[in-house]
Every structure is written in structure tokens, then in C-alpha cells.
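One structure is given here, and the rest of the page talks about it.
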Amino acid sequence: MRTDTGQVFRLEDYRPSDYLIPRTELRFVLSPDSTIVTATLTIRRRDPSERGAPLTLDGDGLVLRRLELDGMPLAQDAYAATPDQLVIHAPPAQAEFTLAIETEVAPSQNTALMGLYRSNGVYCTQCEAEGFRRITYFLDRPDILSVYTVRIEALRQEAPLLLSNGNPTENGDLGGGRHFAVWHDPFPKPSYLFALVAGDLGVVADHFTTMSGRKVSLGIYVEHGKQHLAGYAMDALKRSMTWDERVFGREYDLDVFNIVAVSDFNMGAMENKGLNIFNDKYVLADENTATDADFANIEAIIAHEYFHNWTGNRITCRDWFQLCLKEGLTVFRDHEFSADQRSRPVKRIAEVRTLRAHQFPEDQGPLAHPVRPRRYREINNFYTATVYEKGSEVVRMIRTILGAEDFRKGMDLYFERHDGEAATIEDFLKAFEDAAGKDLGQFALWYHQAGTPNVTVTSSHDAAAAQFTLQIEQSVPPTPSESRKRLMHIPLAFGLVGSDGRDLAYAAADGAAVEDGVIHLRKRRHTVTFSGIDERPAISLNRGFSAPITLSVEQRLEDQLFLARHDGDPFSRWQAFNTVMTDALIAASRHIRDDRAPPFSPAIAELATAVLGDDGLEWAFRALALTPPGEADIAREIGSNIDPDAIFAAREALLRGIAQVNADLFAAAYERLADSGPFSPDAASAGRRSLRNVLLDYRSTLAGGADLAARHFHAASNMTDRAAALTVLAHRHQGTPQALEALTRFEKTFSSDALVMDKWFAIQAAAPGPAAVEAVRGLSAHPAFSFGNPNRLRSLFGTFFSGNQTGFHRADGAGYALFAETILEIEKRNPQVAARLATGLRSWRSLEPKRQELARQALVLIASTPGLSADLSDIVERTLA
Ligand code: ARG
Ligand code: ZN
């Protein structure tokens with residue numbers, strides 16, 4: 001474990017390396033406890049006239065066995081080797097030389113799952129961001145691009161399959177039961193994209209013919225006997241390849257493309273060149289074991305990693321500060337892919353819900369950082385919702401500002417200019433500026449400035465003059481180490497909706513640049529006057545969520561209700577209903593805190609009636625519209641002095657209120673939407689299931705709810721319906737015979753399927769109420785649970801810390817005590833996962849004072865533990881700062 005040194009890395013300190021590594025030859029002699037790695041590096045001075053600089057290679061916990069320079073052993077005093085560094089004091093004078101480095105690593109003891117490790121007996125690697133230095137000494141930084149040739153030797157019986165990046169060039173027998181394979185990747189790449197897999201796996205093979213007619217062999221490797229679960233992933237891969245050719249003109253460039261699913265993985269997946277390695281959760285699926293959400297995630301992540309081949313691999317990042325260059329852009333690309341494959345409005349709503357649930361709290365709390373951070377202590381802690389999701393929103397805004405055509409021109413120019421390079425955000429923006437002839441100088445603040453901008457809007461209508469005026473003001477709240485903010489360029493898509501539900505045409509708009517239905521805010525205040533507006537319109541703002549901001553609009557409930565029924569922009573229509581419900585829930589939670597019964601306007605239940613009955617709307621859209629904001633969403637909107645119990649009670653009361661009014665309608669729709677015909681994971685079928693399951697959630701609040709959910713559970717013919725029913729039973733009908741029976745049945749049926757057991761753990765970890773702390777503690781001793789597996793940790797503890805508002809934030813602080821104890825325990829094996837789970841308390845300052853103090857004590861307890869990892873101390877110290 002790399003303990004915290006307190007070292008801070010700063011963007012302004014970037015300078016190119018004195019040395020380059022044009023060629024890297026690796027030889028692995030694999031064995032679980034002692035793998036020998038020989039790296040033969042061709043090293044070149046960047047500036048041949050510069051001499052004398054020592055060569056410093058990165059390491060992390062390495063054991064050096066042998067070191068040769070140009071074939072000769074190096075004298076003891078010519079170098080200094082520690083586990084974390086190798087320094088050659090005075091490299092030879094010539095421009096190019098070879099360094100042969102032999103290290104020894106123990107994959108079976110690598111519990112951090114960075115570098116070379118074993119997952120279920122399979123050797124695999126994870127090198128991003130700084131895992132390669134756990135394999136050999138190297139210039140382990142993304143601007144060092146090298147051509148790799150990799151030779152792997154292993155026992156044939158243990159590892160009949162030997163994979164690395166690029167194309168296979170050679171393989172053969174070594175005698176004594178051993179064999180070897182050689183892989184060559186002609187594309188220069190940074191070390192974080194290196195990968196190796198060796199083991200005994202089954203394969204699903206296919207092929208793809210690219211737009212220029214090249215045939216590519218595709219392979220998805222999974223545990224033997226699980227091939228039937230990889231079909232959906234393979235289909236998603238082929239669709240991704242076709243889509244990237246059609247939409248971005250990007251063609252695949254090697255003879256093979258392989259994906260390997262492993263069961264122990266710190267993140268979702270990894271885009272290693274030609275050899276993507278996946279958390280098996282994002283590969284394996286069939287109707288019996290995966291929910292519709294799982295299918296959608298698999299499709300999106302397969303696409304994401306594939307799209308990295310151009311945005312990330314062919315063009316990589318100059319340094320880790322530029323992480324959003326590949327991640328934000330690639331998330332944008334996978335979002336667009338899913339929107340094209342499924343329903344664009346539904347996808348957009350889901351994206352915004354995710355952004356608000358994960359990125360907004362980050363941006364509004366102690367861990368806030370710009371999309372392109374300026375400093376970090378541990379880079380692994382910057383694989384965040386801000387870099388990924390807000391990074392994607394920023395790319396989306398570029399497209400909004402430029403228009404689709406100039407956006408594509410800018411992307412083409414970016415690929416043309418920087419293919420084969422390690423680039424920066426400045427390079428990226430310049431390509432768009434040059435392609436479109438536009439200045440993105442002010443816009444670039446979206447990359448540099450943290451915090452969620454707020455836009456306040458008031459309006460007035462002058463009937464006599466037929467003028468409608470908007471007063472718009474922007475502000476960016478202070479964030480850690482950025483107290484003064486500059487004014488941003490915010491593209492605000494809008495519509496003025498008339499009483500017939502149509503957008504009103506206006507003769508002119510003055511006071512801001514208004515183009516194609518977008519107001520471009522650039523100043524603190526804008527007064528925008530629309531002329532030719534006879535009637536007072538309802539204003540529909542931030543359509544399609546054109547900017548990742550919060551809006552404070554002075555708007556009457558009637559207008560919101562009107563927009564929820566008539567707004568021509570589907571996102572804004574969903575938003576209007578969501579705002580109505582959120583406002584009602586905030587008011588209701590206040591009532592509950594004051595021991596008063598919460599009142600709900602009958603208009604909300606009527607709106608639900610109207611939305612459900614509107615057959616012009618997709619099922620999935622109706623499901624999203626009818627889903628009330630989650631407890632965490634409500635808490636975020638309230639912002640401070642949070643009492644999770646009051647929020648929970650308000651939400652239950654709203655659901656019950658709507659369900660009572662609509663009892664007959666919901667019952668009839670529930671029956672009508674029942675399964676017919678064979679299962680299909682397509683978006684329309686998934687939408688039907690999701691709407692029916694939302695109705696189940698409502699109906700289960702009424703008398704007979706537990707029986708209804710139990711029937712739903714037992715009748716379910718797929719995991720989506722089964723998990724939805726189990727959730728209702730385990731949450732709303734906790735402790736009932738129906739709930740206990742369903743939990744037991746589920747456990748018995750799926751006890752040998754780890755990914756399904758994750759759902760069983762997660763559903764129980766999210767069960768509201770004070771009993772959850774003990775339940776989670778008990779579940780951590782369940783035979784199917786393991787502290788060594790990240791998926792298990794995330795499903796049980798991750799869900800509890802981040803997804804159980806009433807249970808985790810129990811008033812007596814027992815949840816926080818479990819938090820501190822667990823995170824310290826996990827850290828011993830896997831600091832990266834511990835640090836990620838520790839972000840579960842990032843919003844502690846918005847809690848009511850008593851909980852706040854208890855949460856602080858838990859964080860302090862962690863922070864004051866001696867010998868903390870860099871990963872965890874970075875998170876807890878920033879959280880407490
Ligand atoms: N690049 C991977 C992706 O596609 C994520 C890798 C994250 N790795 C890490 N150690 N933080 O999103
Ligand atoms: Zn990525």
C-alpha cells in the first residue's frame with residue numbers, strides 16, 4: 001500500500017520528460033507467487049544535445065532482480081533502486097540506449113487490484129492510472145508513447161489463453177507443460193493502456209468488417225460455461241463499431257478486438273488497446289439474471305470502452321490533469337450512442353438524473369473540483385462524476401454552441417491534428433475554435449472553474465406593448481480554494497409556451513444573443529425582451545438540460561402544471577412534473593418535522609392521471625415522469641439542516657396520496673402492461689416493464705400491498721420484475737412473511753451467482769429505517785459476501801453509505817460508526833475502493849446539527865488513523881477541510 005506522503009501534483013508544474021521510450025519489449029514468466037517481468041526499454045533523449053540529466057523511472061512496491069544497460073550489468077553506484085523508484089545517475093551520452101530491467105511480482109498477493117493480479121485464477125492487469133509501475137520501472141506517465149511487444153510464458157494447463165494488446169504474432173510450445181505467445185501493438189501507447197490476460201476462459205467469437213472492408217476478429221472471454229451470457233455484449237460491440245463509423249467517421253485499426261470479463265475489478269471497465277478488460281457485471285446478462293438497467297449499462301459501457309480507441313487511445317492525454325479530455329468526451333459519445341439506440345428523450349432524462357444525483361453533490365460539497373483539476377494528491381480519486389459526467393455536459397454545450405455540423409468539423413480537425421499524440425484541453429478547444437471560427441475563451445471556464453452555476457430568472461409581460469421580458473442573473477457559488485468566480489458562457493435553451501401549448505414566435509429578442517432557441521448568457525445580468533408576444537407565456541427554460549446549472553425561476557404552480565402537460569420539449573416536460581413533486585415534497589417534509597400532516601395539492605395526483613393516460617408518450621417516459629424524486633434528490637434540493645426521516649415520511653405520503661386517488665386507474669394499467677410474449681431487452685419492452693414496476697411501487701403503499709408485491713415477485717419471469725418486487729417487499733413491507741419468504745427464495749435460487757447475489761445484498765442494504773445498520777453488519781458475514789471483491793463491497797456497503805438515507809444516517813450515529821470501521825478494514829486490502837466508499841459522507845455538512853457532529857467524528861476517526869493510504873487520506877482530509 002502506498003502510504004500518504006502528502007505530495008501534491010500541480011498542473012502548472014508539467015514539463016516534458018527528458019527521456020522518451022520509443023520501444024518497449026516485455027517478457028512475462030507467469031506464476032502466481034513469483035512472476036518474472038523483463039522489460040527491455042529503448043530509451044532516447046528527447047533533446048539529443050542535452051546531456052547529464054539523470055533518468056528517473058517510477059516504481060511502486062517493486063523488487064529489482066537485474067539491471068543491464070546496453071547489454072552490460074550496471075555498476076552498483078551507477079544507479080539507485082528503491083521499491084518506488086529507479087534512478088540511473090548518468091545515462092550514456094549517445095542519443096539512444098537500451099535498459100533491461102528484471103522485476104519480480106506476486107500477482108496472487110495483489111489485493112489492491114492495480115498492476116498484475118489474479119481474479120478467480122485468471123492473470124489480469126489494471127494499469128490506469130499508475131498501475132504499470134507496479135509491474136516494472138517505467139516513465140509511467142501518459143505522454144510517454146511506446147510501441148510494445150509482449151511475450152507471455154505460462155503453464156499451458158493453468159493458462160491456455162495468453163492475451164495482450166495489439167495483434168498476435170507468434171505462439172508455441174516451450175516443453176515441460178509451458179507455452180508462450182507474442183503480441184505486437186503497432187500503435188504507440190502510454191503505459192496505462194498496457195494489458196495482459198492469461199488464464200483458462202471460454203470465448204464468444206465473432207467478426208466485424210470495417211467501412212474500408214477490413215475484417216476484425218472479435219472475442220469476448222468469460223468464465224467457462226458463461227458464454228451464453230455474453231451475446232448481448234457482443235451485439236452491443238458490433239453496434240458500437242458501426243455507430244462510430246457512421247456518426248464520427250472512426251474506424252477500428254487492429255486485426256483483433258478482445259474483451260475479457262473478470263470478477264474482481266476496481267472500476268467498470270478499461271479501454272486497454274485492443275484488449276478491453278471489464279468488470280463481469282458489465283458483460284454478463286440474460287433475462288434471468290440481469291435487469292433492464294443492467295442491459296442498458298452493458299450497452300453503454302461496451303460502447304464507452306470501444307469509443308476510447310479513438311478518444312483516449314489514438315489521441316491520449318498529455319498528463320492526468322487532462323483526464324476529462326478522454327473521459328468527458330467518451331461519455332458524451334456513449335450517451336449519444338445510447339440515445340440513438342434507444343429513446344433520446346428518455347436517455348436524456350436518465351443522464352440528468354444521474355448528473356444531479358452524483359455530480360451536483362460533488363460540485364456543491366468539499367470534494368468539488370474543476371472538470372480539469374489543477375492539483376491532486378492521488379489521481380485515482382479524480383475518476384469522478386465531475387470529470388466524467390460534467391465533462392460530457394461540457395462537450396454537449398460545445399455542440400449546442402457550434403451546431404451539429406461545425407461540431408463534427410471540429411471533431412474531425414481534432415482527430416486530424418492530434419492522432420498519435422498526447423493532447424490537452426487547449427488543443428481540443430482550439431480545434432473547435434478553428435473549425436467554426438468561434439471564440440471559446442469564456443466558454444473554457446467550464447473546464448477551469450468548479451461549482452454548479454445558478455441562474456435566477458424573473459419575467460414580466462406588458463400586454464399593451466406585446467412585450468415579454470426575462471431578467472436573468474448568473475452566479476457561481478464559491479468552492480474549495482476558489483472563492484472568486486468569473487462569469488461563464490451559459491447556453492440556455494428555452495421556449496415561450498402559449499396557451500395552446502405551442503411555442504410562441506417572437507418578432508425580435510434584445511438584450512442577449514438569442515440564436516436558434518438558445519439564450520447565450522455571458523454577463524452577470526441580462527434583460528431579454530421579446531417583442532410580438534400578445535399573451536403571457538409559460539417559460540420553458542434549460543430545455544434538454546442545455547447547461548448543467550441549477551435554476552431558480554419564479555413560476556406559478558399553474559405554469560408548472562401546464563408545462564408538465566404541454567411543453568413541446570420532452571425533457572422540460574419531465575422536469576416540470578419533477579419540479580412540482582419536488583416542491584411538494586420539500587413543503588411536506590417541513591410539515592412532518594413540525595408534526596403536522598403533509599398537505600398535497602390534488603393537482604399532483606391529477607397530473608399523474610393525465611401522464612399515465614397519455615398514450616402519445618413512451619412507456620419509459622411515463623415511468624420516469626411518475627417516479628417521484630428520491631430521498632437524496634429531495635435532500636439536495638433542501639440543501640441544509642437535513643432530516644432524512646422527515647424526507648422519507650414525506651415521500652411515502654406523496655406516493656400513497658397519488659396511489660389512493662388513482663387506485664382504479666393504476667390497477668387497470670398495471671394489468672394491461674403485464675408481460676406478453678418472450679422477453680426482449682429492447683428499450684420499448686424495458687419501458688413497459690419500468691412503468692409497470694413504478695405502478696407496483698405506488699400500489700404497494702395501499703392495503704394489500706405486500707400481497708400484491710409477493711404475487712409480482714412469484715409471477716416474475718425476468719430479473720427486472722423480480723428485483724422490483726423484492727425491493728418493494730424488503731423496503732416497504734420489511735419483516736412481513738411475504739418479504740422474508742421472497743428474500744429466502746431469491747437467496748436459494750441465486751446463491752451460486754455472485755452478480756445476482758449483489759442485487760440481494762444491495763436491496764437489503766437500501767432498506768430504509770433504523771434496523772439497516774445491524775442488517776448490513778450481519779450481511780457482511782454472509783457466506784456469499786467477501787471483503788476482497790469490489791462488487792460485493794459496493795453492493796453492500798456502497799449502497800448502504802450512498803443509497804440508504806434513513807438507515808445510514810440513523811440519528812444515533814451507528815451508521816457512521818460502521819462506516820469508519822468498514823472503510824479502515826477495506827483500506828488494508830484495497831485503498832482505492834476504500835477511498836471511493838468514503839465519499840459516502842461527502843455531504844455531511846448539509847445534515848442537521850446532531851447527525852453532522854456524529855458524521856464528523858467518524859471522519860476524524862479515519863483521518864487520525866496512522867499510516868493511512870494516499871487514496872483514503874486525500875478523501876477524508878478534503879472532506880473535513
Ligand atoms: N478509463 C476507464 C474508463 O473507461 C476507467 C479507469 C479508472 N481506473 C482507475 N484506476 N481509477 O472509464
Ligand atoms: Zn472512460
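Observations, loosely collected:
- Here the relative contact order of the chain, from alpha carbon pairs under 8 Å that lie six or more residues apart, stands at 9 percent.
- Here the scattering of region 216-354 is modelled by Debye summation over its C-alpha atoms, one equal scatterer each and no solvent; at q = 0.16 Å⁻¹ the log10 of I(q)/I(0) is -0.83.
- The C-alpha atoms of the chain define a longest principal axis, and helix 344-354 lies at about 80 degrees to it.
- Dipole size of the chain about its Cα centre, with +1 on Lys/Arg Cβ and -1 on Asp/Glu Cβ: approximately 820 debye, rounded to the nearest 20.
- For the pair region 35-57 / region 389-447, the C-alpha centres are spaced 35 Å from each other.
- Using alpha-carbon coordinates, inclination of helix 570-593 to the longest axis of the chain, degrees: 80 degrees
- Three-way shape call for region 751-881 based on the alpha-carbon gyration tensor, with the a/c threshold at 1.5: oblate
- Using only side-chain charges placed at the Cβ, +1 for Lys and Arg and -1 for Asp and Glu, the dipole size of region 9-307 relative to its Cα centre rounds to 540 debye.
- C-alpha center-to-center spacing [region 586-629, region 476-522] in angstrom: 28 Å
- Folded to 0 to 90 degrees: helix 814-829 orientation relative to the chain principal axis, Cα: 20 degrees
- Comparing S864, A781, S802 along the charge dipole axis of region 751-881, the residue lying farthest to the positive side is S802, per the Cβ-charge model.
- Exposure proxy shown here: for D264, D70, D595, the number of other Cβ atoms within 10 Å sets the order, fewest to most, as D595, D70, D264.
- Charge tally for F577 (other residues, Cβ to Cβ under 12 Å; Lys, Arg +1; Asp, Glu -1): -1.
- Taking only the Cα atoms of the chain, the ratio Rg/Rh comes out at 0.97, with Rh defined as the Kirkwood radius.
- Kirkwood Rh (inverse of mean 1/r, distinct Cα pairs), region 138-209, angstrom: 13.6 Å
- Here the relative contact order of region 533-636, from alpha carbon pairs under 8 Å that lie six or more residues apart, stands at 24 percent.
- Likely footprinting exposure, E606, E305, fewest C-beta neighbours within 10 Å first: E606, E305
- For the listed peptides 365-375, 657-667, a ranking on the average number of other beta carbons within 10 Å per residue, highest first, reads 365-375, 657-667.
- Extreme residue, positive dipole direction of the chain, given options T3, L521, S572 (C-beta unit charges): T3
Just so you know, all these numbers are worked out from the coordinates, no wet-lab data involved. The structure displayed is predicted, hence computed values, not measured ones. In this analysis, Cβ positions are derived from the backbone assuming ideal geometry, glycine residues included, and neighbour counts consider all displayed protein chains.
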